[in-house]
1. For T114, state whether it is under 27 Å from H30 (Cβ atoms) and of a type in the set (S, T, Y).
2. Please pick out the residue among S69, S117 that is in contact with a Cys (Cβ under 8 Å, 6 or more places away or on another chain), surrounded by 15 or more Cβ atoms within 10 Å (Cβ to Cβ), among the hydroxyl-bearing types (S, T, Y) and in a helix (DSSP H, G or I).
3. Give the residues of segment 112-138 that are farther than 17 Å from P63 by Cα and free of Cβ contacts under 8 Å to residues at least 40 places away in the same chain, sorted by residue number.
4. Report, ordered by the first and then the second residue, all pairs with beta carbons closer than 6 Å, sequence separation of six or more or different chains, a first member in segment 71-99 that is over 22 Å from L128 (Cβ atoms) and touching a residue at least 12 places away in the same chain (Cβ under 8 Å), and a second member that is β-branched (V, I, T) and outside any helix (DSSP H, G or I).
5. With respect to the numbered conditions (1) crowded, with 19+ Cβ neighbours inside 10 Å; (2) of a type outside the set (S, T, Y); (3) within 13 Å of the chain's Cα centre (by Cα), which one is the sole condition not fulfilled by A108?
6. Considering every residue within segment 145-161, establish whether at least one is within 18 Å of P29 (Cα to Cα), in contact with a Cys (Cβ under 6 Å, 6 or more places away or on another chain) and either assigned to a helix (DSSP H, G or I) or of a type outside the set (A, V, I, L, M) (or both).
7. Could you tell me whether any residue of segment 85-102 is closer than 22 Å to V152 by Cβ, modelled with pLDDT of 95 or more and crowded, with 18+ Cβ neighbours inside 10 Å?
8. Condition first: modelled with pLDDT under 95, more than 24 Å from A103 (Cα to Cα), of a type in the set (D, E, K, R) and touching a Phe, Trp or Tyr at 6+ places or on another chain (Cβ under 7 Å). Can you find one or more residues in segment 12-28 that meet it?
Amino acid sequence: MKPTALGDRVLGKADAPVTIVEYASMTCPHCAAFHAETWPALKTQYIDTGKARFIFREFPLDPLAAAASMLARCAPEDKYYDMIDLFFDHQREWAYTDKPLDALQNMAKQAGFTQMSFEACLTNQKLLDGINAEKDQALSKFGVNSTPTFFVNGQKLVGEQTIESMGKAITDAAAKASK
């Protein structure tokens, strides 16, 4: 599960016994539901306590999802997960409108982007290529073909997960890691 050249943005302690990798699309309603319903408990109970660390990897299903992923990557590194949360929390307000780029731009401005930095980010071909390489690796090497897809110490979980299913996977992975 090595990262591509794009690199990973990791939440949690480096020495956590369990690593959770999520592949998600910013326009995926199931991904947004996971981040609304399961993510807060997962973060509080497992990531903030050092039981697991979390890696979000981009798997855009359309150009609009790629644009949102690019904007999150262009934000300061310590604001990356804040941007992911912002885009998922307000997905209906930007992903399903007549002018989605205007809505994304308004959200990005709230996060400190200027018109110039917004445009520079969305025209950064190297960044787009990196995000696409991450998606290609997930498809070809890890068998990801839908979002969200999670790997908990390598165990694949497909689809929106509850805190109970994530907790079981983390507990099982931690038990295997301690052997």
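1. no
2. S117
3. G112, T114, Q115, M116
4. So the pair list comes out empty.
5. (3)
6. Within segment 145-161 (the criterion being within 18 Å of P29 (Cα to Cα), in contact with a Cys (Cβ under 6 Å, 6 or more places away or on another chain) and either assigned to a helix (DSSP H, G or I) or of a type outside the set (A, V, I, L, M) (or both)), the answer is yes, since at least one residue qualifies.
7. Yes, segment 85-102 contains at least one residue that is closer than 22 Å to V152 by Cβ, modelled with pLDDT of 95 or more and crowded, with 18+ Cβ neighbours inside 10 Å.
8. The answer is no, given that none of the residues of segment 12-28 is modelled with pLDDT under 95, more than 24 Å from A103 (Cα to Cα), of a type in the set (D, E, K, R) and touching a Phe, Trp or Tyr at 6+ places or on another chain (Cβ under 7 Å).
The values are calculated or read from the model by the stated rules, or taken from the named source; none is laboratory data. No experiment lies behind these values; they were computed from the predicted model shown. Positions of Cβ are generated from backbone atoms using ideal geometry, with glycine treated the same way; all protein chains shown enter the neighbour counts.
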